[in-house]
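The values are calculated or read from the model by the stated rules, or taken from the named source; none is laboratory data. Quick caveat: nothing in here was measured; it's all calculated off a predicted structure. Please note: Cβ atoms are built from the backbone with ideal geometry, for glycine as well, and neighbour counts cover all protein chains shown. Heads up: the accessible areas ignore ligands, DNA and RNA and are worked out on the full protein's heavy atoms, side chains in. Shrake-Rupley method; radii C 1.70, N 1.55, O 1.52, S 1.80 Å.
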Amino acid sequence: MLKKFDHEIYYALKKEVEKQRYTINLIPSENIVSKNILKVVGSIFTNKYAEGYPGRRYYGGCKYVDVVEKLAIERACKLFNAEHANVQPHSGSQANMAVYFSVLNPGDKILAMDISSGGHLTHGVKVNFSGMLYKTYFYSVDKETELIDYEKVREIAIREKPKIIVCGSSSYSRIIDFEKFSKIAKEVNAYLLADIAHIAGLIVAKLHPGPVNFCEFITSTTHKTLRGPRGGLILCKNEFKEKIDSSIIPGIQGGPLVHVIAGKAVAFKEAMTKKFIRYQNQIVKNCKVLCEEFKNRNYRIVSNGTDTHMFVIDLRNKKITGLQAQEILEKVGIITNKNLIPFDKLPPSITSGIRVGTPCITSRGMKEKDMIRIVEWIDETLKNRENEKMLKEISKKIRRFASEFPIYP
Ligand code: PLP
């Protein structure tokens, strides 16, 4: 039907399915959802308006929507051992916005990780609402170790007295010590927000310590290691429940995306299974092998390793920029994304590094031995980037290899 009615969209979808099937996706913020999640996200729940919250909506006909949202909330709380969950944020950015709007006034101070060390746009970057509305201060990683220097964070916090401290990152590959952040926040009387967008799945599997006992607020996306539909999530203590809920609606959103909330509910249920815990363990195992293989081939890894699902490769010794590497790798069927390295001299549109991770390829069933082949192909591609014939051969091998793994976990 779609094929006949809207051939352009049908064609783009068909090609996207092919691309996902025949390529190796190393973007650490992406994943592939189960058929059950696809089913509810593509369901008629998309037809329903449901402004408000379960039992107190501004629309009639919300009986079944209430069932869905209540389940999503209950499951999120259980999964993360949280007192309250808001499952309505349309994205991770909106989750962060809602937290800021709940306790900050324009002009208040935020302290967060700078973008080249791994911070996100919504952590106070000037071109983002968070940098426009608030006075932002940044902590970086240590220049030598490329690890968070908690003493420096403390020094800045004492000096600037921020109203909120943000910990959590888009490309920091090491364990984040939420307890240390909490001590600093308490010392300066600041709120603490842990943005666990990337590591939520690892936290569920206890492969990364959880922040619940240390923070007033936790935000997350649901589509990265958590392997749910594209969306956001806020967890908080009961004392902030009303503030957070009203910050979402009427504060910054209207009707929730009920079909996506249904997908989140299914994802939370999946995350409670042993299979999911095994999956998270395999993500980390794969990532460690991937990282070691790069090191064996003389690639410099930011912070010299990883504890998580991802890491950043500094490409300066390979005489290629992040952008060039991303483009040449895409040509052979390996999808990565260019990424700043700490204190990068190049702009975000070019960068000196690429960020790689294993959530997606692990969902497809790839294991340690496959990581070795992937690094081999990446290395061969970057070394032979002028050799069209060689690139074609690598591309063929990758296509054959990738097609052996299913695109539904
Ligand atoms: N926070 C962090 C740490 C992220 O990495 C991201 C997304 O990459 C977000 C928030 C924002 O998520 P979204 O793209 O869903 O707005």
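If you go through segment 147-171 and keep only what is open to solvent by less than 20 Å² (accessible area, probe 1.4 Å) and of a type outside the set (A, V, I, L, M, F, W, C), you end up with Pro162, Gly168, Ser169, Ser171.
Answer with yes or no whether Ile175 is out of contact with any strand residue (DSSP E or B) (no Cβ under 7 Å at 6 or more places or on another chain), in contact (Cβ under 8 Å) with a residue 60 or more places away in the chain, in a helix (DSSP H, G or I) and among the β-branched types (Val, Ile, Thr). Talk me through it step by step, then tell me what you get.
Working: out of contact with any strand residue (DSSP E or B) (no Cβ under 7 Å at 6 or more places or on another chain): yes; in contact (Cβ under 8 Å) with a residue 60 or more places away in the chain: yes; in a helix (DSSP H, G or I): no; among the β-branched types (Val, Ile, Thr): yes.
For Ile175, the condition - out of contact with any strand residue (DSSP E or B) (no Cβ under 7 Å at 6 or more places or on another chain), in contact (Cβ under 8 Å) with a residue 60 or more places away in the chain, in a helix (DSSP H, G or I) and among the β-branched types (Val, Ile, Thr) - is not met.
Only residues that are exposed (fewer than 15 other Cβ atoms within 10 Å of the Cβ) and closer than 29 Å to Phe129 by Cα: list them for segment 54-103, please. Selection gives Tyr58, Glu83. Within segment 55-79, the set of residues being touching a residue at least 24 places away in the same chain (Cβ under 8 Å) and touching a helix residue (DSSP H, G or I) at 6+ places or on another chain (Cβ under 7 Å) comprises Val65, Val68, Glu69, Leu71, Ala72, Arg75, Ala76, Leu79. Any residue at all in segment 202-221 that is within 16 Å of the ligand (Cβ to nearest atom), in a helix (DSSP H, G or I) and either surrounded by 20 or more Cβ atoms within 10 Å (Cβ to Cβ) or more than 18 Å from the chain's Cα centre (by Cα) (or both)? Yes, segment 202-221 has at least one match. Of the residues in segment 108-115, at least one is away from the ligand (no atom under 16 Å from the Cβ) and surrounded by fewer than 22 Cβ atoms within 10 Å (Cβ to Cβ). Of Gly228, Gly254, Gly263, Gly232, all but one fail to be over 17 Å from Ile37 (Cα atoms) and in contact (Cβ under 8 Å) with a residue 12 or more places away in the chain; the exception is Gly254. Say we look at segment 179-201 and pick out the residues that are of a type outside the set (A, V, I, L, M) and surrounded by fewer than 23 Cβ atoms within 10 Å (Cβ to Cβ); which of these is nearest to the ligand (Cβ to nearest atom)? Among residues in segment 179-201 that are of a type outside the set (A, V, I, L, M) and surrounded by fewer than 23 Cβ atoms within 10 Å (Cβ to Cβ), the one nearest to the ligand (Cβ to nearest atom) is Tyr191.
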